[in-house]
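Here's the structure, in structure tokens; my notes come after.
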Amino acid sequence: MTYKEIRTQFIKMTGRFDLVDVDDYADNGANFFIQAGLRYLDRRMSHSKTVARYQKDIYAGEIVIPMQYCRVIREVWLSNADGKSRLTNKTNTWLRNEYGEDVFTLGDALTIGTLTIGERYYIQTFVTDDSFTGVGAASDASGVFFTATGTTPTWTEGSTLRLLTFAVDKGTPLYWAQGIQRLSPSQYSSFLPSSFDIQGIVFGAEYNKKSIMILPPPDGTFTLTVFGDFSDIALSDEVDICFWSDMFPDLLVKSAMMSLESFYRNTAGVNDLAADIDNILSGIEAEVIEQEMVDADVMLRPSLSEDEVEYVDEGSE
């Protein structure tokens, strides 16, 4: 079911027509409870679609990679034309002790000129009508890091760039750690360092993201692959679907209803719905456990030689 279909069913089951526009069921507060129900189900149980793969190309000097909706980071891999390798997980403390406090520093402010391909830059202050997206930047905004893929941006209005100078030799990254994701709240709008701590802070609140930091800094282009647990997509457009709305729309509606009941402080209603939801989830969970048992059996089963494999003739009696 789509987002709008879930909302329509939620309203019909609860009778709360004040939470939508009665003419077309457009949201007037119902989405708040549906989103709460979706978050509850996501954290109540991992399912077959919880584990996901995040993949992107990273460039020379790119050491901090933020990922949206990631809950648990399990494995990190890098690949290029020379092959692929799994990075070793370390703590931030270990990386700090191994590579020092400052992985890179920021050079003098640049407001005009050309860029060097392969070097890493930081847009300290962006001015409208300049543009760096044609030379590697993901967006034209203050606070963006990018690796230059060209030499001549649109740069006539005085935007300020800083060149990153690395204190650590670049190479093939070997280690990863979960990044420190944010500054303290008092420093959100005021802090701009002249050097960056090894923690690789991603500026801003970034509440819906996790990040990883990889070291040593890459010396070229790699494909980064992260395996982990990810939340379901946040329903936004009327036609959006997610795992729960598509596979178990009844559960999502009931979970939204349970959220609504909690705001009524209706303990009996919450408990009844929670018991019903748990009863259905137990069947889904059994399937997940069964698959995990199959996977574990494959891992533990000894390999058979060609002579030991028993073949079955499907045409025989």
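The values are calculated or read from the model by the stated rules, or taken from the named source; none is laboratory data. This structure is a prediction, so every number in the text was calculated from the model and none was measured. Cβ: placed from backbone, ideal geometry, glycine included. Neighbour counts: every protein chain shown.
If I filter the range 83-93 for residues that are closer than 21 Å to Phe227 by Cα and modelled with pLDDT under 90, do I get at least one hit? Scanning the range 83-93, I find at least one residue that is closer than 21 Å to Phe227 by Cα and modelled with pLDDT under 90, so the answer is yes. Only one of the numbered conditions (1) modelled with pLDDT of 90 or more; (2) among the charged types (D, E, K, R); (3) farther than 23 Å from Val144 by Cβ; (4) assigned to a strand (DSSP E or B) is violated by Asp24, and that is (4). Considering only residues of the range 97-140 that are assigned to a strand (DSSP E or B) and among the aromatic types (Phe, Trp, Tyr), which is nearest to Thr151 (Cα to Cα)? The qualifying residue nearest to Thr151 (Cα to Cα) is Tyr121. Scanning the range 86-95 for any residue that is outside any helix (DSSP H, G or I), surrounded by 13 or more Cβ atoms within 10 Å (Cβ to Cβ), aliphatic (A, V, I, L, M) and over 24 Å from the mean Cα position of the chain (by Cα) turns up nothing. Condition check: farther than 28 Å from Met293 by Cβ, touching a Gly at 6+ places or on another chain (Cβ under 8 Å) and among the small types (Gly, Ala, Ser). Does Ala60 satisfy that? Against the criterion (farther than 28 Å from Met293 by Cβ, touching a Gly at 6+ places or on another chain (Cβ under 8 Å) and among the small types (Gly, Ala, Ser)), Ala60 qualifies. Within the range 280-293, residues that are assigned to a helix (DSSP H, G or I) have Cβ atoms under 9 Å from residues that are of a type in the set (Lys, Arg) in these pairs: Ile280/Lys254; Leu281/Arg44, counting only partners at least 6 apart in sequence or on another chain. Determine whether Thr114 is surrounded by 14 or more Cβ atoms within 10 Å (Cβ to Cβ) and either in contact with a helix residue (DSSP H, G or I) (Cβ under 9 Å, 6 or more places away or on another chain) or polar (S, T, N, Q) (or both). Spelling it out, it is not the case that Thr114 is surrounded by 14 or more Cβ atoms within 10 Å (Cβ to Cβ) and either in contact with a helix residue (DSSP H, G or I) (Cβ under 9 Å, 6 or more places away or on another chain) or polar (S, T, N, Q) (or both). Being in contact (Cβ under 8 Å) with a residue 24 or more places away in the chain and touching a helix residue (DSSP H, G or I) at 6+ places or on another chain (Cβ under 9 Å) is a condition met by no residue of the range 58-67.
Matching residues to (1) outside any helix (DSSP H, G or I); (2) not charged (D, E, K, R):
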site: Arg7; (1), (2): no, no
site: Asn31; (1), (2): no, yes
site: Gln35; (1), (2): no, yes
site: Tyr40; (1), (2): no, yes
site: Arg53; (1), (2): yes, no
site: Arg74; (1), (2): yes, no
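Does at least one position in the range 151-159 carry a residue that is at pLDDT 90 or above, assigned to a strand (DSSP E or B) and surrounded by 13 or more Cβ atoms within 10 Å (Cβ to Cβ)? Yes, the conditions are met somewhere in the range 151-159. Only one entry in Glu5, Glu75, Glu62 is surrounded by 16 or more Cβ atoms within 10 Å (Cβ to Cβ), assigned by TED's automatic domain parsing to the domain that holds Pro216 and out of contact with any Cys (no Cβ under 7 Å at 6 or more places or on another chain), namely Glu62. Only one entry of Asp297, Asp272, Asp229 meets the criterion of being part of a helix (DSSP H, G or I) and modelled with pLDDT under 90, and that entry is Asp297.
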